[in-house]
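Here's the structure we're looking at; comments come further down.
The values are calculated or read from the model by the stated rules, or taken from the named source; none is laboratory data. In this text the structure is predicted, and so the values were computed from the model without any measurement. So basically every Cβ, Gly included, is an ideal-geometry build from the backbone, and we count neighbours across all protein chains shown.
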Amino acid sequence: MKKIVVLLAAVTFMSIGLVNAQPNKPNRPIFQNNGGIYKMLNLTADQQKQFSDIMYNQRLKAVDIRADIEKNRIEIQKMIRDNNIDEGKILSLTDANSKLQAELKSERIKSWLAVYKILTPEQKELWSKNFGRMGNARGFMRERINRLKDNFGSRPMMRNRMMY
């Protein structure tokens with residue numbers, strides 16, 4: 001029983017650490033900051049509307065998924081705090097969070113692909129070059145900023161956060 005409590009405490013603290021390790025994000029996505037992505041891709045008015053709708057829908061889904069993840073984390077924390085450990089429930093909530101995180105990533109990829117489909121061949125090339133990684137954004141942030149600097153001068157258009 002002691003090993004289970006230690007394991008659960010470790011899982012909880014790791015999940016809390018992941019939440020706290022994420023940078024503060026502005027309320028507006030990068031795609032709305034001065035229309036930088038619109039200018040970079042030279043989107044038509046119709047493409048801009050489609051792009052905006054895709055990002056809006058993706059953000060709505062992401063909010064719901066993140067809320068469910070956080071509710072599960074809070075439930076786990078409560079069980080540990082109250083010393084009311086239910087091994088099956090904690091494992092179930094942990095598994096649910098893993099599935100929700102996979103769903104969140106899948107939604108990002110679906111949005112990336114939906115944007116890709118509305119672009120011309122020239123725009124697709126720019127989109128793939130600058131936003132080609134559909135998964136974890138943190139690992140290549142510096143590389144992407146440098147690429148934007150090379151393409152658009154010393155001040156990158158997308159400086160706050162990444163969507164993909």
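With the requirement that a residue be farther than 22 Å from Lys39 by Cα and hydroxyl-bearing (Ser, Thr, Tyr), what does the range 103-128 give you?
Ser106
Out of the residues in the range 76-88 that are surrounded by fewer than 14 Cβ atoms within 10 Å (Cβ to Cβ) and in a helix (DSSP H, G or I), which is nearest to the chain's Cα centre (by Cα)? Working first, answer last.
Keep residues of the range 76-88 that are surrounded by fewer than 14 Cβ atoms within 10 Å (Cβ to Cβ), which gives 78, 81-84, 86-88.
Pick out the ones that are also in a helix (DSSP H, G or I) and you get 78, 81, 87-88.
Details: Lys78: 26, Arg81: 29, Glu87: 29, Gly88: 29 Å.
So, considering only residues that are surrounded by fewer than 14 Cβ atoms within 10 Å (Cβ to Cβ) and in a helix (DSSP H, G or I), the one nearest to the chain's Cα centre (by Cα) is Lys78.
May I ask you to verify whether Leu100 is modelled with pLDDT under 85 and under 30 Å from Gly132 (Cα atoms)?
No, not satisfied.
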